[in-house]
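Structure record follows, encoded as structure tokens.
Throughout, read-outs are computed from the coordinates displayed, never taken from laboratory work. All values reported here derive from a predicted model rather than from experimental measurement. All Cβ positions, glycine included, derive from the backbone under ideal geometry; neighbour counts span all protein chains shown.
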């Protein structure tokens, strides 16, 4: 079972008897958990939210009984576990409540240790339920937001290659700058191929903490390491029958690369802490904005793994290399934004369209999405004009930076320097906060904190 952090647990207690309510509240709070209290079922429903993991409900409350309250919570908050409180003479009612969905019943009066043990068990069940819900979302996540635009001859040729790759059902490698739509194309390959309708499971090798990547990929058994309280499948196992997408595979730690190589060779692996071999049938698609061949020369990536991944290679060109696609892409993005906001449409003036086409797009499609999101929020009458577009200064490419003289930092405050480094790194990574964190040598959480500190959160919220 998952290890619990009591300070992060939220417990709702509802009872119309003030003495019982205060006693149970004290028991729970002495165990280090936060409580929300209610004196009847209606108040309990009014105070419910998705952060409440366990609800302790008295069976007989005025206005709305504990059973009625439980049914409503079960429907609206399926991740919340429910304990029913009952008197000695109400055992049959409590059993009926358990059949209707309660995980446990507590008989009044109740000892502190007994109540806390039951609450902790319910918390573990709630944690597992929420983890399973996240895994289902991982498998069933919707296709990428941005439609693929094939207006230019270059993109039409790419679309033909995508269709051919999809039919072959073989290991594929997608290359291209950050933000060019590699995830969108990986999903297209999956949906057009023989595995359409099966799981498409993505793993971002750059965003996962180094010490958790193996567990996320291949799973673990109970007791394999601290906090491994239950067997858990990895994403390779969840993807069985479908497609496993390894995004930013160039960031995979060297020590894990041999295990991935073995997996690619025979589609078998072992969960952490287990000697039992697990075999799955998956198609592997990987992607990287880095040059994997160069990483091999630098001994940061195994050549044998590179050859195994590079069976069918597809390069996605930068947006500035296919400017003719920009109007079609912009139209699709604005259509999606309008639908989400419940308005008829958002239009783009000719001048705004020309300005988008002339921009250099260091952040590619991801940058285009962010700019249109901001412009559509502040434009008048749902029409975007040139002055509504906040186009950031272009970030020089890697081959240009070597010949450029760096700007002097003399006289700038440390806060200004830190803010400039944050903005430049985010722009260079197309807004990818995980990649920016790795380049700056900080955690992704620190990136979010700095964005709030410098009032940049809304600019880079996507």
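Points to keep in mind about this one:
- Taking 354, 340 and counting other C-beta atoms within 10 Å, the order from fewest to most: 340, 354
- Global geometry of segment 310-353, whether rounded, prolate or oblate, following the gyration tensor of its Cα atoms and the 1.5 cut on a/c: oblate
- On full extension, the segment bounded by residue 424 and residue 211 gains 73.9 nm, given 0.36 nm per residue less the C-alpha separation.
- The label point for residue 381 and the one for residue 277, both projected 7 Å from the Cα toward the Cβ, are 7.0 nm apart.
- If the convex hull is drawn through the Cα atoms of segment 27-71, its volume per residue in Å³: 75
- Proxy reagent accessibility, fewest Cβ within 10 Å first, across 289, 381, 359: 381, 359, 289
- Per-pair calculated FRET efficiency, R0 = 60 Å: residue 121 and residue 323 via Cβ, rounded to 0.05: 0.50
- Net length available on complete extension from residue 51 to residue 344 is 102.0 nm, with 0.36 nm assigned per residue and the Cα-Cα distance removed.
- The convex hull defined by the C-alpha atoms of segment 408-453 has an orientation-averaged projected area of 3.2 nm².
- Amide N of segment 419-438 lying under 11 Å from the label point, which is placed 7 angstrom from the Cα of residue 446 along Cα→Cβ: 437-438
- Taking the fewest neighbouring Cβ atoms within 10 Å as the starting point, the ordered list for 248, 380 is 380, 248.
- Extension gain (nm, one decimal) between residue 161 and residue 354, 0.36 nm per residue minus Cα-Cα: 66.5 nm
- Debye equation applied to the C-alpha atoms of segment 319-388, log10 I(q)/I(0) at 0.19, 0.21, 0.22, 0.27 Å⁻¹: -0.68, -0.83, -0.91, -1.35
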